[in-house]
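A quick write-up on the structure given underneath.
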Amino acid sequence: MAEELLMAGLAGRQLSVTELAHQTGVAKSVASRAAAQLAGLGLVERSDYRGPLRVASLTDLAELVAARSAWPGTEVVAGYAWGRTIFDSAATLSRNAESAGIDFAVTGRVGAAFLGVLATSSPSEVRCWVSVAGRSLEEAAAALGLEPTPDGSANVRISADRWRFGVHRRASARFDELAAVVAHPVRVWCDLHGEQRGSEFAAQLWGEINRA
């Protein structure tokens with residue numbers, strides 16, 4: 001819910017508790033408790049009980065979301081996906097996910113590249129979120145076409161998205177002629193911090209988000 005408020009705040013919108021509950025698929029009482037907790041931390045404000053929630057500090061709320069929910073989750077499976085480049089592999093995984101009916105999103109440095117934040121060298125792996133409702137993460141990996149491989153040879157790592165942090169508001173994005181399903185820019189920003197030079201790329205992406 002904090003992530004939803006952050007996305008809204010960056011877009012210049014304020015959500016009521018009712019809207020927050022609807023957009024996150026929880027009961028209004030749950031959204032109300034979450035809003036109260038965030039207000040207690042000084043991160044959101046509202047003029048009255050029924051008024052909209054205003055994010056007091058977008059940066060502070062973003063740091064909280066990143067600290068509590070950044071990639072990876074509690075379960076990760078590694079494998080190998082063929083492709084001419086790491087970005088081609090991401091595009092292939094996206095197509096396979098659609099064919100298999102899997103909610104999937106690329107994140108991290110590869111996701112940032114599809115969002116326009118590039119580096120002089122390519123990332124070594126694709127990091128992804130996968131919603132695993134009704135199947136194991138290993139079954140999802142097989143459906144995505146990942147080949148089992150020793151950890152040191154893997155170029156893809158998928159994490160189980162139990163709370164739909166990563167796949168929520170994902171969208172298609174393009175890198176040259178390639179298309180991939182990428183997590184929301186805010187989620188990619190949160191997930192960049194654990195990668196090599198991640199803080200540098202996160203700072204670039206944050207600038208792009210605030211200019212959008």
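The values are calculated or read from the model by the stated rules, or taken from the named source; none is laboratory data. Values in this document were obtained by computation on a predicted structure and should not be read as measured data. Cβ coordinates were reconstructed from backbone atoms using ideal geometry, including for glycine residues, and neighbour counts include every protein chain displayed.
Note on region 91-127: residues that are exposed (fewer than 14 other Cβ atoms within 10 Å of the Cβ) and of a type in the set (Gly, Ala, Ser) total 6.
Can you find, within region 8-20, the residue that is farthest from the chain's Cα centre (by Cα) among those that are in a helix (DSSP H, G or I) and buried (at least 21 other Cβ atoms within 10 Å of the Cβ)?
VAL17
Of all residues in region 25-40, those satisfying the criterion of being without any contact (Cβ under 8 Å) to a residue 24 or more places away in the chain and either in a loop (DSSP other than H, G, I, E, B) or of a type in the set (S, T, N, Q) (or both) are GLY25, ALA27, SER29, SER32, GLN37.
Among the residues of region 25-37, is any surrounded by 17 or more Cβ atoms within 10 Å (Cβ to Cβ), more than 27 Å from VAL156 (Cβ to Cβ), out of contact with any Gly (no Cβ under 7 Å at 6 or more places or on another chain) and not aliphatic (A, V, I, L, M)? No, region 25-37 contains no residue that is surrounded by 17 or more Cβ atoms within 10 Å (Cβ to Cβ), more than 27 Å from VAL156 (Cβ to Cβ), out of contact with any Gly (no Cβ under 7 Å at 6 or more places or on another chain) and not aliphatic (A, V, I, L, M). For region 84-109, filtering for residues that are without any contact (Cβ under 8 Å) to a residue 40 or more places away in the chain and either under 16 Å from ALA154 (Cα atoms) or assigned to a strand (DSSP E or B) (or both) leaves 2. Here region 128-180 is the region considered, the condition is being aromatic (Phe, Trp, Tyr) and modelled with pLDDT under 90, and the residue that is nearest to the chain's Cα centre (by Cα) is PHE165. For region 134-144, the count of residues that are under 22 Å from GLU63 (Cα atoms) and surrounded by 14 or more Cβ atoms within 10 Å (Cβ to Cβ) is zero. With respect to the conditions (1) assigned to a helix (DSSP H, G or I); (2) modelled with pLDDT under 90; (3) under 16 Å from the mean Cα position of the chain (by Cα), GLY73 falls short on a single one, namely (1).
Tell me, yes or no, whether region 111-124 has at least one residue that is part of a strand (DSSP E or B), within 21 Å of ARG187 (Cβ to Cβ) and at pLDDT 95 or above. Taking every residue of region 111-124 in turn, none turns out to be part of a strand (DSSP E or B), within 21 Å of ARG187 (Cβ to Cβ) and at pLDDT 95 or above. Looking at the structure I just gave you, is GLY145 outside the structural domain of VAL26 (by TED's automatic domain parsing) and not in a loop (DSSP other than H, G, I, E, B)? Judged against the criteria, GLY145 is not a match.
Against the test of being basic (Lys, Arg) and in contact with a Pro (Cβ under 6 Å, 6 or more places away or on another chain), the options ARG127, ARG109, ARG135 yield a single qualifying residue, ARG109.
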